[in-house]
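> Pasting a structure below so you can have a look.
No value in this document is a laboratory result; all are computed from the given coordinates. Because the structure is predicted, anything quoted here is derived from the model rather than measured. We place every Cβ from the backbone using ideal geometry, glycine too, and count neighbours over all the protein chains shown.
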Amino acid sequence: MQKDFFTSQNSKLFCNTGLHFVLTNRYHGVSNAPYNNLNLAYHVGDNLESVKKNRAYIMQKYYENKTLLYLNQIHSNTIFTIRENRGILESYPLFQFAFLYCIQAQLPH
């Protein structure tokens, strides 16, 4: 089984677009079952500190000093368009604050 992540730099299609992404798997994280190991979602009931550590791992490994956009997986035909200098406000009732994630990329026209 492949344990490395797939990134935009590994992609022949996206490597020169200015769009940067990483597709993760369950390896390399700290979450306990049933989320084991690299759960990045706050909304599924995982320990909040584990999710923070998992996200910090991705940040340190791939995107140090960057702000990331985390998308929640859905099963539909909805397409979400991300434009330059815009983000998603992701707030959770468990926190006293909200997270603002945005992506800055030069997307081809």
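> Quick one: which residues, 5 or more positions from Asn37 or on another chain, have an amide H under 5 Å from its amide H? H modelled 1.01 Å from N in the peptide plane, none for Pro or chain starts.
Result for Asn37 returns Gly29.
> Counting other beta carbons within 10 Å of each Cβ, put Thr24, Thr17 in order, fewest first.
Ascending Cβ contact count within 10 Å gives the list Thr17, Thr24.
> Next up: Under the Karplus relation 6.51 cos²θ - 1.76 cosθ + 1.60, θ = phi - 60°, what is the ordered set of whole-Hz ³J(HN,Hα) values for region 39-44, x standing for Gly and Pro?
For region 39-44, the Karplus curve yields 7, 10, 9, 6, 7, 9 Hz.
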